[in-house]
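S.K.: Encoded as structure tokens, here's the structure I'll be asking about.
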Amino acid sequence: EPNPEVEAIIDELVADMAAGQLADGYFNSFYQQVCLDKRWSNLRDMHELYCAGHLMEAAVAYFQATGKRAFLDVMSRYADCIGQTFGSEEGKLPGYPGHEELELALVKLAAATGKERYGRLASYFVNQRGQQPHYFDEEAVRRGEEPGRPWHGSYEYTQAHLPAKEQATAEGHSVRACYFYAGMADVARTSGDAKLGDACRTIWANLTRRRMYVTGGIGSSFQGERFSVDYDLPNETSYAETCAQIALVFFASRMLQLEAKSEYADVMELAFYNSVLSGVSLDGERIFYVNPQAYFPDGYRFDSRGPRIVGSRPEWHGCACCPSNLARLLASLGGYLYSTDEDRLYLHLYGASTVECEWAGTKTQCTITTDYPFSGEIGIRVDSAPANPATLCLRIPGWARSHQVCINGEPAMGAVADGYLLLERAWQDGDMVSLAFPMPVEMVEAHPTVRHDVGRVALKRGPLVYCLESVDNGNDLNQLRLAADPDFTVESKEITDLAIPAIHGDALRDDANAWDDTLYRPIGESRMLAARITAIPYFIWANRGAEEMLLWIRQA
């Protein structure tokens, strides 16, 4: 809804930006105030182009929301300045951002303005990265510094170790990486570059099948906020920066635009409902920067990582990228739920909402009612139908073992292609589609090479991953193991005024009292006590204090 007060604030800021912008279009408050003579001198470490990208994204968003062009015009002039400075032509700098973001922003700017040169500039930045001689070395020499690998370990950190089309694994700083991969997918789509699209698919497969947590979290290494190696997914020291999961949502959505395959929406859903939402408290007032997959308060007392891995969300952060990133993702969520392609309307994510769009050449409206992800029951009402026969494409989630669909109360059939159920018909105003996905409790196991999870299982229900907290299950959560037949039940539980489906199940607890004062002893003397566990959705943890949390539970 329009907000005149906020709009007035933004308009004032935009006027200040326009007044402060240099004649050649350059705009960066730090360099203009502190060291303008050093602009463009350290792309590797400074965030000039990264900041430019975020400003361009903001300008596009403001234009889409209000129709006002002033901000868009300021950023178009800045994009032209960048285009006149960087490129493969003689006299230009053959550089690229140290922290990616500009690439995807330029594609957005091209779409909003209709100026194809911004798309070509995005393609240049994507394809120039990692070329030899290495630009980061050349600029280091100009600064009087030793050339060679950056201080943070390697060119992989900035995804500059290889040209984009030769990259095959998710490497380096996880936020930079997924911003870059999103930009790669954007350029592959808009330019028709098939080899670039193939590289995106290869990286996607490595990321989601070898380097992603069961919650959709990415970037397992605290050192460098980065990807590690295949199957290295520690739980207590998981970094999984909130911005990284948001960046994964961006990458997934771009892959979905490249090709409508449900595997991309599956990951987008997994990340959003678990590792993205875990980043914010239920009241929206506090934010996690780091999202551990297990938490034991005393375990970090003497660990240098402890100050970043916390059991309660801080109100703010010195590096405040995550709060604003969360805010913009949540505010733009509607754009991730649906897409259209000629006579097809795709439903990628399910949530109570109304969509107004052009479908099969007609302006249409559909209303979705659901309590998803807590319930698998979804209703889709066609309020105003397309004039011509059209196809409604409903994603069948990868976690769903079965589904039922009815149209106006009658069972319906349709082909399933790339994970989408295709319902083609001459739609009428008032048509009602009912879709149901049963949501039983499932135990999932990790690949045996994930050493941290061997002999353990995680609990899932629908798209939600569950965890244990000591407030429900007592301390020393690792003493618990699931019974051979856990006999799971699902009951409503209220946590800070939110009613959620909690999982209850039979378990066993090691009798620690039977150990007396012994630290080690021969196997076979352990005694187990009957117990009952309560598991809650992972995204809700740490809303009742800094409690122990465990995601992977020992098997019987």
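Only the coordinates and a few stated rules stand behind these numbers; no lab work does. Just so you know, these numbers come straight off a predicted model, no measurement behind them. Cβ: placed from backbone, ideal geometry, glycine included. Neighbour counts: every protein chain shown.
S.K.: Just want to confirm a number: the relative contact order over segment 160-269, from Cα pairs under 8 angstrom separated by 6+ residues, in percent.
M.R.: Normalised by residue count, the contact order of segment 160-269 is 30 percent.
S.K.: Looking at the chain only, what percent of DSSP beta bridges run antiparallel? Nearest 5 please.
M.R.: Approximately 90 percent, going by the DSSP bridge assignments.
S.K.: Given a Förster distance of 41 Å, report the FRET efficiency between Ser402 and Cys357 from their Cβ-Cβ distance, rounded to the nearest 0.05.
M.R.: Approximately 0.90, to the nearest 0.05.
S.K.: From the helices alone, meaning DSSP H stretches of at least four residues, give me the mean residue ellipticity at 222 nm for the chain, per-run term -39500 (n - 2.57), in deg cm²/dmol to the nearest 500.
M.R.: Calculated from helices alone, the mean residue ellipticity at 222 nm is -9500 deg cm²/dmol.
S.K.: A further question follows. Which value, in debye to the nearest 20, gives the size of the charge dipole of segment 441-554 about its Cα centre, when Lys and Arg are +1 and Asp and Glu are -1 at the Cβ?
M.R.: 300 debye
S.K.: Just to verify a number: FRET efficiency for Arg209 and Glu90, C-beta to C-beta distance, R0 = 45 Å, to 0.05?
M.R.: That gives a FRET efficiency of 0.55.
S.K.: Quick one: dipole size for segment 162-332, taken about the Cα centre, charges +1 on Lys/Arg Cβ and -1 on Asp/Glu Cβ, in debye to the nearest 20.
M.R.: 220 debye
S.K.: What nm value, rounded to one decimal, do you get for the distance between Arg120 and Gln428 when each label is placed 7 Å out toward the C-beta?
M.R.: With each label point 7 Å from Cα toward Cβ, the separation is 5.3 nm.
S.K.: Here's another thing I want to ask about it. Note down the relative contact order for the chain as a percent, whole number, built from C-alpha pairs under 8 angstrom at least six residues apart. Can you show the working numbers first?
M.R.: Details: 1077 pairs, mean separation 50.5, N = 556.
Result for the chain is 9 percent.
S.K.: Here is a further query. What nm distance separates the two modelled labels at Glu342 and Asp485, each placed 7 Å from Cα along Cα→Cβ?
M.R.: 5.4 nm
S.K.: By per-residue mean of other Cβ atoms within 10 Å, what is the highest-first order of 321-330, 490-499, 350-359?
M.R.: Values: 321-330: 17.8, 490-499: 11.9, 350-359: 16.3.
Going by the mean number of other Cβ atoms within 10 Å, highest first, we get 321-330, 350-359, 490-499.
S.K.: Work out the length of the dipole vector of the chain about its Cα centre, built from +1 on the beta-carbon of each Lys and Arg and -1 on the beta-carbon of each Asp and Glu, and round it to the nearest 20 debye.
M.R.: Using Cβ point charges on Lys, Arg, Asp and Glu, the chain gives about 920 debye.
S.K.: Could you tally up the Lys pairs in the chain with alpha carbons closer than 20 Å? Skip any pair fewer than 8 positions apart unless they're on separate chains.
M.R.: So the count of such lysine pairs works out to 6.
S.K.: Quick one: Cα centre-to-centre distance for segment 45-108 and segment 192-228, in angstrom?
M.R.: That distance is 25 Å.
S.K.: Same structure again: Expected output is a single nm value to one decimal: the length gained when fully extending between Leu13 and Arg143, i.e. 0.36 nm times separation in residues minus the C-alpha distance. What is it?
M.R.: Value of the extension gain: 43.4 nm.
S.K.: Something else: Gain in length, Glu442 to Asp516, computed as 0.36 nm per residue apart minus the alpha-carbon separation, to one decimal in nm?
M.R.: Full extension from Glu442 to Asp516 adds 23.0 nm.
S.K.: Can you tell me the order of 232-242, 127-137 when each peptide is scored by its average per-residue count of other Cβ atoms within 10 angstrom, highest first?
M.R.: Descending packing order for the listed peptides: 232-242, 127-137.
S.K.: Taking the mean number of other Cβ atoms within 10 Å as a proxy for protection, how do you rank 466-479, 509-522 from highest to lowest?
M.R.: In decreasing order of mean packing, 466-479, 509-522 become 466-479, 509-522.
S.K.: Let me ask you something else. Once the dipole of the chain is set up with Lys and Arg at +1 and Asp and Glu at -1 on Cβ about the Cα centre, which of Gln84, Tyr289, Trp541 lies farthest towards its positive end?
M.R.: Working it through, the farthest residue towards the positive pole turns out to be Gln84.
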